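Asks: Before I ask anything, here is the structure I am working with.
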Amino acid sequence: MAQLLDPVATRSRSMRSGRPVKRALTSRWAYLFVLPALLVFLVFSIGPTIFAFALSLFNWNYLNAAMSKFVGLKNYVDLVKGTRDPSFWSTMWTSAQFVIPMVVGGTVISLLLALLLSGNSPVLYGVRTAVFLAHVTPFVGVSIVWVWLFNPRYGLVNAATALFGMAPRDWLGDPKTAMFAIVVFSLWHEVGFTLIIFLGGLTTLDKTLSEAAQIDRANKLQEIWYVILPQLRPYTIFVIVISTVFSLQAFTQFFVMTGGGPGFSTATLGFAVYQQAFIYRKTGYAAALAVVLFALTAVLSLLQLRASRNTGR
């Protein structure tokens with residue numbers, strides 16, 4: 001009876017009884033605010049992914065849907081057998097020739113630049129800004145500029161190499177140098193992004209560890225190898241995975257600078273999807289390539305999550 005007459009106890013019970021209702025209202029509002037982004041994700045990401053998988057089971061003609069027919073897994077069988085031109089395996093090898101230098105070279109270059117440009121002087125601010133501006137320039141526009149730079153007659157690249165006694169070359173027209181030229185351009189364009197990631201990682205370092213290393217008379221290289229790099233491991237993993245995914249999906253520079261040529265020397269997996277769909281009009285086979293590209297991207301993302309969790313332990 002005393003508890004019923006106690007105003008404090010009564011108010012406490014009413015507050016406890018109102019919590020489930022308040023939580024339900026909060027959850028409804030949360031779902032309402034998330035709904036627009038969820039719809040965009042479903043319409044523009046999940047929907048096309050499902051449609052691409054369904055399309056890969058057909059011999060599809062996008063100019064005349066009535067001519068399309070269901071072929072099951074035939075496109076995937078052709079993909080594994082390598083019966084199309086270029087073959088899937090040659091396309092994967094070409095992709096590896098682009099992805100490996102981009103991932104390894106991009107990670108090493110951006111890490112070295114981050115270590116060199118991590119100071120607070122105005123000059124370093126200017127250099128960091130200049131490097132990052134390359135990344136935010138329009139991709140198509142700078143691709144055209146670099147086509148001019150690699151021009152065999154009046155390009156600045158040949159003018160620079162001539163200073164070292166090298167003969168002029170058709171960098172983008174030679175199968176031996178076309179991929180190298182695109183890698184150089186792509187590194188120039190993408191290093192600014194990964195540089196910012198490493199610079200952000202350097203701001204989170206535990207300075208007491210570096211101070212302890214200096215007290216133990218460790219030189220700068222030893223400090224970087226044993227103190228700084230282990231702390232940058234999560235950022236390094238992120239850069240490697242993101243660079244791999246972006247490199248696998250690369251398209252613009254191949255389309256603008258070489259068109260997948262000469263021959264098929266620069267026809268990577270991302271470009272092959274476009275090539276098979278809109279040049280050869282083999283839409284079903286192109287969808288199968290897109291599904292493979294999606295699977296590779298998903299696997300790499302899962303590896304990133306697993307590596308990040310292991311790093312955090």
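Values quoted throughout were computed directly from the atomic coordinates according to the rules given, and no laboratory measurement underlies them. Not measured: the values here are computed from a predicted model. Cβ atoms come from the backbone with ideal geometry, glycine included; neighbour counts cover every protein chain shown.
Asks: Give me the number: length gained by fully extending L124 to F294, i.e. 0.36 nm times residue separation minus the C-alpha to C-alpha distance, one decimal in nm.
Replies: 57.3 nm
Asks: Taking a spot 7 Å from the Cα of M166 along the direction of its beta carbon, which residues of the range 172-201 have an amide N less than 17 Å from it?
Replies: Answer for the range 172-201: 172-188.
Asks: Let me ask something else. Check which residues have an amide H placed less than 5 Å from F58's amide H, if you skip close sequence neighbours.
Replies: Here V71 satisfy the definition.
Asks: What are the extents of the Cα atoms of the range 63-148 along their three principal axes, in Å, largest first?
Replies: Principal-axis extents of the Cα atoms in the range 63-148, largest first: 64, 28, 25 Å.
Asks: For F246, F139, what ranking results if the residue with the fewest other Cβ atoms within 10 Å of its Cβ goes first?
Replies: F139, F246
Asks: Now for a separate question. Arrange the following residues from fewest to most other Cβ atoms within 10 Å of their Cβ: R306, R153, R233.
Replies: R153, R306, R233
Asks: Then there is this: Students often forget the sequence filter, so: which lysines lie under 21 Å Cα-Cα from K220 once same-chain residues fewer than 8 apart are removed?
Replies: K207
Asks: So for S210, S95, fewest C-beta neighbours within 10 Å to most, what's the order? Walk me through the numbers before you get to the answer.
Replies: Details: S210 16, S95 21.
Fewest-to-most ranking of S210, S95: S210, S95.
Asks: Okay, next question. Hey, of (i) 36.8, 152; (ii) 27.1, 103; (iii) 33.1, 116, which did the structure itself give for Rg and Dmax of the Cα atoms in Å when calculated?
Replies: It is the value labelled (ii).
Asks: When you have a sec, figure out the Kirkwood radius of the range 159-221 from all distinct Cα pair distances and drop it here in Å to one decimal? Don't skip to the end; give the middle numbers.
Replies: On the way: mean 1/r = 0.0629 Å⁻¹.
When all Cα pairs of the range 159-221 are included, the Kirkwood radius is 15.9 Å.
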